[in-house]
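Structure first, commentary second.
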Amino acid sequence: MGRARYAVRMPPLLAAVVVFGTSAAVLVLEILAGRLLAPYVGVTLETYTGIIGTVLAGIALGTWLGGRLADRVDPRRLPGPLLIAGGSLTLLVPGLIGIAASLGLRPDPVGVVAYAAIACFLPAAVLSAVQPVVVKLQLRDLERTGSVVGRLSALSTTGAIVGTFATGFVLIAAVPGRPIVVGLGACLVLAGVGLALLLDPRRTSAVAVGALGILAAVAGTAWAVTAPDPCERESAYFCIRVESDGGSGRTLFLDTLRHASVDLDDPTDLRFDYTRTIGDVMDALAAPGAPLAALHIGGGGFTMPRYLAATRPGSMNQVLELDPLVVEVAREELGLVTSDTLTVRVGDARLAILEEPDATYDLVVGDAFGGLAVPWHLTTREMLEQIRRVSRPGAVYVVNVIDYPPLGFARAELATLRDTFEHVAIVGQPSRVSGRDGGNVMLLASDAPIPAEAIVAVNRARGDSDVVVTDLDELAAFIGDALVLTDDFAPVDQLLTPR
C-alpha cells in the first residue's frame, strides 16, 4: 500500500476551512471585478465574459502548477506563502486597475480581457494552487485518494458558491468594492501568516515568511487605500459621481458615461442633444401646456421627468429606476423633488412594468443603460409588448440608443419595434441616422401615425438640425435583414460594439 511522502500535519478541519476559504476568495474577487472594472469598461455581457474566462484560466493554471509544486517541495511549507502571495496580489488590484486605465486601454473585447487579467488572473491562479497542496497533505494512502479528493473538491465548490452569493447578494449591496478588496486581501495574508507558523517545519523560515506577510499586508493595504478612486459614491450597480459647472449645472456620471446634465434652476434647459430630441417629441404630442401621462424607463438624472413637469404642469410622471442610490443622489444633488405627480419605483423595469395598469400612458421614454448598451432584456419583443400594453391609443414610445456604424443594434431594435408597433421612425442627427457616425439616436414607435412634421417643426424652432426619418422605403432599407430581438436571442452588446 502506497504511503504519502510527508506525514499529515494539517488537521482535516483546518484543511476543509482553507480549501473552502480560498475558493470563496477567488469568487469574491471575480464578482467584485465587475464592479471595480465598471468605471473603465462599463457593465456589459462582454465585461462579465472577460472576467469569467480570465478567472477560469487562472484557476486552471493555478491548480496545475500547485499540484506540480506540491510534488517537488515539502507541501507543509506551501499553504502559508501561497495565501500570503494571493492576499498581497489581491491588495494590489485597485492600484493596478488604475495603472491599466492610465495606459488608455479601450473598452473593447481585447481591452476587457486585459483589464480582467490585471484584476483577477494572478490572484486566482495563486489562490487556486492551494487546493492541490492541501490534497497532498491529506493523503494518507492510495486507498483513500478518491474520498479525500472528492471531499476537498466538494468543499472547494461549496466555498465558491458561498463566496458568489455572499458577494452578489450581501457585500456589494452593503459595502463599496474597494473596502471589500482590502478586507479580503488582508484576511488572506494574515491567514497565510498563521498557516506558515503552524505548518512549516522550519521555524526560522516560518517566522521570516510571517514577517514578510505582515509587511506585505501593511504595504498592500496602504497602496489599495491611497490608489485613485473614480467613484464619489458606489452602489451595487454603478460608480456614481456628480460634477458642477460652477453654476447651477450638474452632470451625472455613471461608470464610463455622462448620463445626464441638469440645470438646478431651470429644468427646461436641456443640455444634451438627445434630451432635446426627446423634448421635441414631448412638445409635439399635445397642445402646448397640456398635461401628459409619461412612463420613464430609467431615471438617471431625472432630466426628462423634471422637464415634462415644468413644461406641462399637471403631467403624471412614473419613473422606473433600478438603483436606489441613483435616486438618492438625484434628490440630494440633481434637484429631484418627488410628489404625487412625479413618483419613482425602484427595481428592474422589466419586472416593475408588469405592475403598471393597462392603457395608462401617453408617452413612454426608454433611457436605461448598462455601459453603452440598453440592457438586453429591455429591448426585446416581449418587453415591447408590455410597453404597448401600458400605452393609451395613440401613445408614443421613444427609446434612446447609442450605436456605432454600421448601427447593428439600432437596426435590430428598429426591426423589433416594427414587429410590435404599426408605425416606427428615427430621430437623430443626419450623420448618425445615415450610419456615417456614432452616438445617440432616438427610435420612435406607436400604433398611430407618428407626428413627424410636428416634431421637426419643434426641433427647428429650438434651433437644432435633427431629421426625422419616416419614409417606409427608407426605413425598410435601413433595417435591411436585421434580426428581431427576443428573450431567446438578443445579442445587444455584440450588435453595437464596433469591431
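The values are calculated or read from the model by the stated rules, or taken from the named source; none is laboratory data. Quick caveat: nothing in here was measured; it's all calculated off a predicted structure. When we count neighbours, we look across all protein chains shown, and the Cβ atoms used for this are built from the backbone with ideal geometry, even at glycine.
Please determine whether any residue of region 192-201 is in contact (Cβ under 8 Å) with a residue 40 or more places away in the chain, under 25 Å from L37 (Cα atoms), out of contact with any strand residue (DSSP E or B) (no Cβ under 6 Å at 6 or more places or on another chain) and in a helix (DSSP H, G or I).
No, every residue in region 192-201 fails to be in contact (Cβ under 8 Å) with a residue 40 or more places away in the chain, under 25 Å from L37 (Cα atoms), out of contact with any strand residue (DSSP E or B) (no Cβ under 6 Å at 6 or more places or on another chain) and in a helix (DSSP H, G or I).
Return yes when T49 is within 27 Å of the chain's Cα centre (by Cα), farther than 25 Å from D229 by Cβ and crowded, with 16+ Cβ neighbours inside 10 Å and no when it is not.
The answer is no for T49.
Can you give me the ranges of the strands (runs of 3 or more DSSP E) entirely in region 287-380 with at least 3 residues that are under 21 Å from L270 (Cα atoms) and in contact with a Leu (Cβ under 9 Å, 6 or more places away or on another chain)?
Here the list reads 293-297, 316-321, 361-366.
Kindly indicate whether L215 is without any contact (Cβ under 8 Å) to a residue 60 or more places away in the chain, under 29 Å from V73 (Cβ atoms) and not assigned by TED's automatic domain parsing to the domain that holds S431.
Yes; evaluated as a whole, the condition is true for this residue.
Can you work out which of the residues in region 65-83 that are hydrophobic (A, V, I, L, M, F, W, C) and in contact (Cβ under 8 Å) with a residue 40 or more places away in the chain is surrounded by the most Cβ atoms within 10 Å (Cβ to Cβ)?
So the residue we want is L83.
Let's see how each residue does on (1) assigned to a helix (DSSP H, G or I); (2) touching a strand residue (DSSP E or B) at 6+ places or on another chain (Cβ under 6 Å); (3) within 16 Å of V28 (Cα to Cα); (4) of a type in the set (D, E, K, R):
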position	(1), (2), (3), (4)
I52	yes, no, yes, no
G62	yes, no, no, no
G67	yes, no, no, no
L83	yes, no, yes, no
G86	yes, no, yes, no
L96	yes, no, no, no
P107	no, no, no, no
G111	yes, no, no, no
A125	yes, no, yes, no
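Considering region 326-383 alone, what residues qualify as being farther than 29 Å from A284 by Cβ and surrounded by fewer than 17 Cβ atoms within 10 Å (Cβ to Cβ)?
Hits for region 326-383 are E328, R331, E332, V346, G347, D348, L351, L354, E355, H377.
Does at least one position in region 184-193 carry a residue that is under 20 Å from Y48 (Cβ atoms) and buried (at least 19 other Cβ atoms within 10 Å of the Cβ)? Explain how you work it out, then say what you get.
First, pick out the residues of region 184-193 that are under 20 Å from Y48 (Cβ atoms): 184.
Within this subset, residues satisfying the condition of being buried (at least 19 other Cβ atoms within 10 Å of the Cβ) are 184.
Yes, region 184-193 has at least one match.
I'd like the residue in region 240-254 that is crowded, with 19+ Cβ neighbours inside 10 Å and touching a Gly at 6+ places or on another chain (Cβ under 9 Å) and, out of all such residues, is farthest from T268 (Cα to Cα).
Across region 240-254, the extreme among qualifying residues is L254.
Give just the number: which of (1) of a type in the set (A, V, I, L, M); (2) more than 19 Å from L69 (Cα to Cα); (3) modelled with pLDDT of 95 or more does A125 not satisfy?
The one condition A125 does not meet is (2).
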